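Presented below is the structure to which this report refers.
Derivation of every value follows stated rules applied to the coordinates shown; laboratory data play no part. Only a predicted model underlies this, so the values are computations on that prediction, with no experimental measurement involved. Neighbour counts run over all protein chains shown; Cβ positions are idealised from the backbone, glycine included.
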Amino acid sequence: MATEKKSSSQGSKVKAKSDAAKDLQALFEDGLKDIYWAEKALVKALPKMEKNATSKELKSAIQSHLEETKEHVSRLEEVFKSIKVKAEAEKCDAMAGLLEEGEGIMEETEVGSVRDAGIISASQKVEHYEIATYGTLAAFAKVLGHKEALKLLLSTLKEEKACDEKLTSIADTNLNSKAE
C-alpha cells in the first residue's frame, strides 16, 4: 500500500497577500471580478461545446445558454455600475480549470452520445460553480445593502439554476442510456 506524502504546509496558516481583501466589500468586488472573467470565458467556450454536441436538444440548450451568458456579462457590468466600481475581469482559476476539464472530456470521447454525456457532465460542473458563486455574491450584496446588485445577481442565479435543470432533463431523456 502506497503511503501518502504529506505537504509541509498542511495545517499551517496562509499568509495574506499585500492586496488581500480586508473587508466584505473588497471580497464582494473580488468575487465579481472572478465571475465576470468566468462568464466572458464561457462565451468563448460554449460555441465549441455546441459544435461538438450531436443531440439537437443539447445543441439548442447550449445555443440558448450562450445568449443568456452574454446577458450575464452585461448584467455583471450593471452590477459593477450599481456599486460604482469599474467592471474588471480577473482570471478565475476555478472556471479556467472547469473549461480545461471540459476540453479534455471532448478530446477523450468519441463523437456521439458518449461525448454528449461528457459535455453535459462538464456543463453541469460549470453551472454548479456559477450557482455557488452567484448565491454567495447575492448573500454578500444583501449584507452590504447593494439592493440593485442583489436583484441583478438573483436574476442570474435563477437562470443558472434553470440551465442546470435543463441539462439534467436532457441527460435523463435517454441520452445517458444511449451512451451506455
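All other residues whose Cβ lies under 9 angstrom from that of Glu130 are scored, Lys and Arg at +1 and Asp and Glu at -1, for a net of -4. Note on the range 24-173: dipole from Cβ charges, positive end direction compared against Ile131, Ser55, Gly118; the farthest Cα belongs to Ile131. Annotation: lysines with alpha-carbon distance below 26 angstrom to Lys56 (same-chain offsets under eight excluded): Lys40, Lys44, Lys48, Lys70, Lys125, Lys158, Lys161, Lys166, Lys178.
Within a Cβ distance under 15 Å of Gly104, other residues only, what is the Lys/Arg minus Asp/Glu net charge?
Counting the neighbours of Gly104, the net charge comes to -3.
With volume of the Cα convex hull per residue in Å³ defined as stated, name the option among [x] 123; [y] 153; [z] 114 computed from the structure displayed. Checking each listed value against the structure points to [y].
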